[in-house]
Amino acid sequence: MTLPNFDFIPLDGFNAAWLKAVYQSHVARSRAVGKDGIRHHAFEKMLDAECELIAAKVNEGTYRPTNYREKLIARGSKRPPRQISVPTIRDRLALRGALEFLKSHFPIAQPRPPHVFIKDIKTHLKVARVHSSFLRMDIKDFYPSLRHDLLQEALKKSDLPDSIIGLIIRAVATRTGTADQPAPTAGVPQGLSISNALASIYMVEFDKIADDGVFYRRYVDDILVIAESEKINSVYRSLWAGLESIGLASHPMGTPGKTEASVLGDGVQYLGYEITPDQISVRQSSLAKMFSNLAKVLTSFRYKRDHERDLFRLNLKISGCIINNSRRGWLMFFSQTDNISQLAYLDSWLNLEMKRLSIKKGSVKTFKRSYYEIRFNLQESIYIPNFDKYDLDQKKEVVAILSRKRREEVDAMDVVLVEREFDRLIGREVSELEKDLIDAFS
């Protein structure tokens, strides 16, 4: 199935035909189920009517999302789980439409990926003064602290239609979990398609002020500054006051792993990396988590006769992938490392495990080859899977592997069913890649 392209935003609000294109391009692959229990195969049977309903209610200012289903993601024994809000398919479509409007009115609404930040830092370190220091600041409870009144003010600074602003504010004020809790006046639920964009819009003015006279980068709640050492304390106080003025707070200076200052030579940990002027490396704890994640997949080789699915999963963990035009996976995230010895160590360990488990040599990808493909040949690479470019035959092969069906069975399936199964199965595997990244930061 070829996903429709759309490069326009309706001038007068939502319309049904545009929403249908949004659904096919951005929502159909999602497998999550909201509180209403409706799945995609049922939703698609009434897609035209649903698009008409959503468009009418949003434009009238009467659309109200259903309470979100709560999903908790563990972050280690010493940290509370992360709360993820799961909307219904109808709400997911409405909010994805809102995101397209946000992106057309706010360039900042499409946040830059983490590897771009690390690349910027690497470039700046080449020209940074010797007597400079790092300042890392971590914002406390970032998403739960974003004030709805200030968010609404920020949204109104553009010509975003009032109907879209109303939808967004009602969406962030919708409860997650039980309905007996009071409606929140602060906080942007994590898990919504609009969450990252709204956080970026909320922080626009703060970022402009913070980026004055120093090297400043912020990825979500994690701030990094490079400035002359004698200015670091005053920069810290200024940023602290700026955060306080918009209802946010940083961990205080000297909080290990959260808010700290260090001279350039001592390096800093940021976004899972160890950064010094001489080298960018994967943080040791993040590297250790990858060993653990690989070991989980390798363990299944000991107990199953059919290793094709496990081999697929192992290779996907190594190389990562592209899906929905996004880079996914551990190495995609850490592609700015220049400590190749860490990748060589991973490959060496994998080779030993392959010999021990009698896995055929050459059937498993390598971290070093994947790294060079990601860095220098990603758009043309056939080594790194780009699931957006898979044809029907390739999708059938993936469905056969991941579902453990015979290829003849898959060939006999309806094309629409093959597409749906491919999206479901790949979506599940990509979710596992996302968990690997969560593990890398826990």
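Mind putting a number on the dipole of the range 284-441 about its Cα centre? Charges go on the C-beta only, +1 for Lys and Arg and -1 for Asp and Glu, and I need it in Debye to the nearest 20.
Using only the charged Cβ atoms, the result is roughly 700 debye.
Roll a 1.4 Å probe over the protein chains and send me the accessible area per residue for the range 150-267 in Å².
Using a 1.4 Å probe on heavy atoms only, each residue of the range 150-267 averages 45 Å².
Quick one: with all protein chains in place, what share of the accessible area of the range 79-191 is carbon or sulfur, to the nearest percent (1.4 Å probe)?
Ligands and nucleic acids excluded, carbon and sulfur reach 52 percent.
Counting only residues 5 or more places away or on other chains, whose amide H sits under 5 Å from the amide H of TYR270 once H atoms are built in the peptide plane?
ILE275
Taking 8 Å as the Cα distance limit and 6 or more residues as the minimum spacing, I'd like the relative contact order of the chain as a percentage.
Values: 620 pairs, mean separation 68.0, N = 442.
Once divided by the residue count of the chain, the mean separation gives 15 percent.
Relative contact order, percent, of the range 284-441 when contacts are C-alpha pairs under 8 Å separated by at least 6 residues?
31 percent
Between VAL220 and SER300, how many nm apart are label points set 7 Å from Cα along the C-beta direction?
Those two pseudo-labels are separated by 2.6 nm.
Greater than 26 Å separation of Cα atoms is the criterion. Which listed pairs, LYS126/LYS365; LYS119/LYS258; LYS71/LYS140; LYS122/LYS231, meet it?
Listed pairs above 26 Å: LYS126/LYS365.
Less than 27 Å apart at the alpha-carbon level, and either on another chain or at least 8 residues along: which lysines does that give for LYS361?
Cross-link targets: LYS289, LYS296, LYS304, LYS317, LYS395, LYS396, LYS405.
If you plug each phi of the range 252-260 into the Karplus form 6.51 cos²θ - 1.76 cosθ + 1.60 with θ = phi - 60°, what whole-Hz ³J(HN,Hα) values come out, in order, with x for Gly and Pro?
Karplus-based 3J(HN,Hα) across the range 252-260 equals x, 3, x, 7, x, x, 10, 10, 8 Hz.
Pick from GLY166, GLY213, GLY177: which is most flexible by mean-square fluctuation in a GNM of the chain where alpha carbon atoms under 10 Å apart are linked?
GLY213
Report, in deg cm²/dmol and to the nearest 500, the calculated mean residue ellipticity at 222 nm for the chain, where each DSSP H run with n ≥ 4 adds -39500 (n - 2.57) and the sum is divided by the residue count.
That calculation yields -14500 deg cm²/dmol at 222 nm.
Could you tell me which residue out of ASN293, CYS321, GLN336 lies farthest along the dipole of the range 288-338 toward its positive end? Charges go on the beta carbon: Lys and Arg +1, Asp and Glu -1, centred on the Cα centre.
Comparing the listed Cα positions along the dipole, ASN293 ranks first.
Using a probe of 1.4 angstrom, how much of the accessible area of the range 284-441 is carbon and sulfur, in percent?
Carbon with sulfur: 51 percent of the solvent-accessible area.
What does the accessible area per residue of the range 18-87 come to in Å², with a 1.4 Å probe and no ligands, DNA or RNA counted?
The answer is 54 Å² per residue.
Please compute the Cα-Cα pair-distance distribution of the range 84-147 with 5 Å bins starting at 0, giving whole percents from short to long.
3, 11, 10, 15, 20, 14, 10, 7, 5, 3, 1
Please turn the phi angles of the range 118-131 into ³J(HN,Hα) values with the Karplus equation 6.51 cos²θ - 1.76 cosθ + 1.60 (θ = phi - 60°), one per residue in order, whole Hz, x for glycine and proline.
Working through the residues one at a time gives 5, 4, 4, 5, 4, 5, 5, 4, 5, 10, 5, 5, 4, 8 Hz.
Over the range 284-441, average the accessible area per residue using a 1.4 Å probe and give it in Å², no decimals. Don't skip to the end; give the middle numbers.
Working: 7940 Å² over 158 residues.
Accessible area per residue: 50 Å².
With every protein chain kept in the model, how would you rank THR185, THR88 by accessible area, 1.4 Å probe, largest at the top?
THR185, THR88
Along each of its three principal axes, how wide is the spread of alpha-carbon positions in the range 61-194, in whole angstrom units, largest first?
For the range 61-194, the Cα spread along each principal axis is 57, 44, 25 Å.
Given R₀ = 56 Å, what would the calculated FRET efficiency be for LYS435 paired with GLU228, taking r from the Cβ atoms and rounding to 0.05? Don't skip to the end; give the middle numbers.
Details: r = 40 Å, r/R0 = 0.72.
That pair, LYS435 with GLU228, gives E of 0.90.
Among (i) 58, 57, 40; (ii) 68, 50, 44; (iii) 70, 62, 41, which one is Cα extents along the principal axes in Å computed from these coordinates?
Correct label, based on the coordinates given: (iii).
Explain nothing, just compute: Karplus ³J(HN,Hα) = 6.51 cos²θ - 1.76 cosθ + 1.60, θ = phi - 60°, for every residue of the range 51-66 in order, whole Hz, x for Gly and Pro.
5, 5, 5, 4, 4, 5, 5, 5, 5, 7, x, 10, 6, 10, x, 6
The values are calculated or read from the model by the stated rules, or taken from the named source; none is laboratory data. No experiment lies behind these values; they were computed from the predicted model shown. Here Cβ is always computed from backbone atoms with ideal geometry, including for glycine, and neighbour counts include all displayed protein chains. Remember, those area values only see protein heavy atoms, side chains included, never the ligands or the DNA or RNA. Shrake-Rupley method; radii C 1.70, N 1.55, O 1.52, S 1.80 Å.
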